[in-house]
1. Assess whether G172 counts as being open to solvent by 50 Å² or more (accessible area, probe 1.4 Å), closer than 29 Å to A98 by Cα and small (G, A, S).
2. Within region 277-298, which residues are at pLDDT 85 or above and either over 15 Å from V229 (Cβ atoms) or open to solvent by less than 50 Å² (accessible area, probe 1.4 Å) (or both)?
3. Using beta carbons and a limit of 9 Å, which pairs, at least six apart or on different chains, have the first residue in region 153-177 and touching a residue at least 24 places away in the same chain (Cβ under 8 Å) and the second one part of a loop (DSSP other than H, G, I, E, B) and surrounded by 15 or more Cβ atoms within 10 Å (Cβ to Cβ)?
4. Would you pick out the residues in region 29-54 that are free of Cβ contacts under 8 Å to residues at least 24 places away in the same chain and either of a type in the set (K, R) or touching a Ser or Thr at 6+ places or on another chain (Cβ under 9 Å) (or both)?
5. What do you reckon, is V323 open to solvent by 20 Å² or more (accessible area, probe 1.4 Å) and either farther than 30 Å from D77 by Cα or part of a helix (DSSP H, G or I) (or both)?
6. Taking A100 and the conditions (1) in contact (Cβ under 8 Å) with a residue 60 or more places away in the chain; (2) open to solvent by 30 Å² or more (accessible area, probe 1.4 Å), which numbered condition does it fall short on, given that it satisfies the others?
7. When region 346-388 is examined, which residues are found to be among the charged types (D, E, K, R) and at pLDDT below 80?
8. Mind listing whichever residues of region 136-153 are buried (at least 23 other Cβ atoms within 10 Å of the Cβ) and either at pLDDT 90 or above or under 28 Å from L262 (Cα atoms) (or both)?
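The values are calculated or read from the model by the stated rules, or taken from the named source; none is laboratory data. In this text the structure is predicted, and so the values were computed from the model without any measurement. With ideal geometry, Cβ positions are generated from the backbone for all residues, glycine too; neighbour counts draw on all protein chains shown. Areas reflect the complete protein model, heavy atoms only, side chains present, ligands, DNA and RNA absent. Shrake-Rupley method; radii C 1.70, N 1.55, O 1.52, S 1.80 Å.
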Amino acid sequence: MSAVSPRPSYAAVLRIPHARRTFAAALAARLSYGMAPIAVMLSVTRATGSYAVAGVVMAVFGATVVFLSPYRAALVDRHGPRRALLPMALLHAGLLCALAAACWRPGVSGLLLGLIAAGTGACAPPLGPTMRVVWGRIAEDRLLLQRAYSLDGVAEELLYVIGPLLVGVLVGFASPVVGVVLGALLMGVGTPVFVMSPAVGAVRGSGAVRKGRRASLRPGRELLQPIVVAGGVGLSLSAVDLLVVAFAGQRQLGDGTVAWVLAALSAGSAVGGLLNGAVDWRTPARVRLSFLAAGLGVTLGVAGLAPDVATLAGAAACAGLFVAPALTTAYLIADDAAPAGFRTQAGAWVNTSVNAGSSAGAATMGVLVERLPLGVCFVVAGGVSVGAAVIAGVSTPAPARA
């Protein structure tokens, strides 16, 4: 392990032996998650000619990705990343190719697409949680680990901006099926390079589970706080996506307006994540997490007062300042609270909570936005994050570990 200064920089994170190679391979594979969903949705829509079928297929795909994530992470904890991730990645990539082949000609059965999508989502490897476990292995200094998590969180945020943009460029001159195949290629090449890194090889599985010992992690009180906050943040953010669309629609603004406001939110999140990682915090992480969630909620509530799109974009950027720090802090707390041999699962539970919250937020706000004034909807979206902060503060356990 490399020696670090008392206040390590982001450059120090990338100077850790094998860090650059490992991180780059993980990001390449994770870019598939930024590209594949939108490419699959467009491909299914064109192949079936039905938005309803596309919606059901994507719902099935998302459900298997989200709700089976902790169980896939349990396999990584038990067998190690090399033995568990590689079969998952190859199956996931192969099924993406099968989905692309099925969508190549119009008139394909929606049932067939749904079955392939379910299998594809079920095999999605937990690359993000595994990369954070690797960071915990190679960045032993606490400040260096905080910076590594912040860098990872900001990079992941950018992947979900870059991925859809790449698909948008591809569909300008090719079928969206090409985007699905490219997502499969990124997964099928990036994951093997990632798992063959010496840094990943140093992460060992817990082996066979002894009789009477649990094989999977059941979230207890120590994990409740990061899971609740992650769910609240995910719900608030997905609600904001829909509210920005409604804001633009009420003022008869183009779709480009929505893109700019959401880009401001992502930019604010990236800046907040980098600033959070650069600060040597003295306040305990569990206290910071509640304040960050509350700050996000209050800012979103105020955003509902925006009179024009420029003000809304500014408010979205301010709200974004809390997003990446809140999620990074949640992952750090989950990593600290996880027993030995369960760290991948702990990160996966936080990740699952974010994604489940996102799904619930879009569905709930879609109902409310037709019944309540837009400003009130912004307050409701922010109130969820504030409520999560309050629950997290009440449920914070007494310090038990360093």
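1. yes
2. R286, R288, L289, S290, L292, A293, A294, G295, L296, G297 - these are the residues of region 277-298 that are at pLDDT 85 or above and either over 15 Å from V229 (Cβ atoms) or open to solvent by less than 50 Å² (accessible area, probe 1.4 Å) (or both).
3. S175/C103; P176/C103; V177/C103
4. Y51, A54
5. Taking the combined requirement at face value, the residue does not satisfy it.
6. All conditions pass for A100, except number (2).
7. Within region 346-388, just E370 meets the criteria.
8. Q146, R147, A148, Y149, S150, D152, G153
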